[in-house]
1. Place +1 on the Cβ of every Lys and Arg and -1 on the Cβ of every Asp and Glu in the chain, take the dipole about the Cα centre, and give the residue among Ala103, Ser198, Ile64 whose Cα lies farthest towards its positive end.
2. Report the local net charge at Asp160: Lys and Arg +1, Asp and Glu -1, summed over other residues whose C-beta lies under 15 Å from its C-beta.
3. If ligands, DNA and RNA are left out, what is the accessible area of Lys162 with a 1.4 Å probe, given in Å² to the nearest 10?
4. Tally Lys and Arg at +1 and Asp and Glu at -1 over the other residues with C-beta under 14 Å from the C-beta of Tyr175: what net charge comes out?
5. What part of the accessible area of the stretch 20-126, given as a whole %, is carbon or sulfur when the probe is 1.4 angstrom?
6. For a quick check: with amide H placed at 1.01 Å from N, whose amide H comes under 5 Å from Val146's, ignoring anything fewer than 5 positions away on the same chain?
7. For Leu60, what is the net charge nearby, where nearby means another residue's Cβ is under 13 Å from its Cβ and Lys, Arg count +1, Asp, Glu -1?
8. Roughly speaking, what % of Cα-Cα pairs in the stretch 1-72 are separated by over 18 Å, rounded to a whole number?
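The values are calculated or read from the model by the stated rules, or taken from the named source; none is laboratory data. In this text, all values refer to a predicted model and were calculated from it rather than measured experimentally. Don't worry about glycine lacking a Cβ; one is built from the backbone with ideal geometry, like all the others, and counts go over all protein chains shown. For the accessible areas, the whole protein counts, side chains as well, though only heavy atoms, and no ligand, DNA or RNA atoms are used. Shrake-Rupley method; radii C 1.70, N 1.55, O 1.52, S 1.80 Å.
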Amino acid sequence: MPINKEQYLTLKKLLDTSHSSLIAVSKMQTVESIRELYDLGHRDFGENYVQELLAKAESLPGDIRWHFIGHLQSNKVKQILGIVQLIQGVDSLKLLTEINRQAEKKGMIQDCLLQVHIAREETKFGLDEQELKRILETDASVFRNVRIRGLMGMASLTADEKQVADEFEFLAGLYKSIRGGGRKDFDILSMGMSGDYSLALKAGSNMVRIGSLLFGSRR
Ligand SMILES: *Cc1c(COP(=O)(O)O)cnc(C)c1O
C-alpha cells in the first residue's frame, strides 16, 4: 500500500511549527513503504521488534535513524546496539543496566528514553513514578555508557479525551520537573501517536511516534 504523502507533508509542517520531531512508526510495514517516505526526505523510523528491525536496517540506507520503541528484552540488547539511534522503551532498571553493560563493551554511549506507565491499562509497559525516581537518583558513575535523554509514554486507548489529556499532562509534568532539576542532556518528551498526537502536542510533546496515519493500517 502506498504511503499517505499528503498526510505526511501536512503533518510535517504542523510538527515543524510546534518544534516537534516525527518518528514514522514502520513496524509491520514493508521496506518499499519505508523507502517511499525516505525518498521524501524522512530519516527517523520507529520499530518494535528486534528481528524485523535488523532485517530492515540491512536492506535500507545507512543514514536512517532507527528508534527502538517496543518492549526490549534484556537478552536482545546486544543485537541492536550500534544500529539504533535511540532506545525509547526503557522500562526497568534491569534493562537499563544491561544496555549500559553492553554499550560499555562496545565502547559507546547509548541514548535512551525512560518509559513511564501513564495509561489506565495494565497491559502497557513502563516505570511507575517510584521506579523512575530510583533510576534518576542512581549515581551517574553507575551508568556511564547510557545517556538518558528524556521520557516516553503511551496514553490509554480511549475515546475519553480528558483522560488522555490528563495522562499526557502528567507525563509532561514529570518531564518538566526533571528538566528543571538541571539534569544534563534531558531534552526529549516522546508522546503522541496517530490517534492522540494533537493532545500530546498541546501538553508539550516534542517527539511524536506516528504509524497508521502515514502508512495505513498494519499488515
Ligand atoms: C505502534 C506504536 C506507535 C504508532 O501507533 P499508530 O497508532 O499506528 O500511530 C507509537 N508508539 C508505539 C510505542 C507503538 O508501539
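1. Ala103
2. Summing Lys and Arg as +1 and Asp and Glu as -1 gives -4.
3. Surface open to solvent at Lys162 totals about 130 Å².
4. 0
5. 48
6. Close amide H contacts, sequence-distant or interchain: Gln110.
7. Around Leu60, the surrounding residues sum to -4.
8. 37
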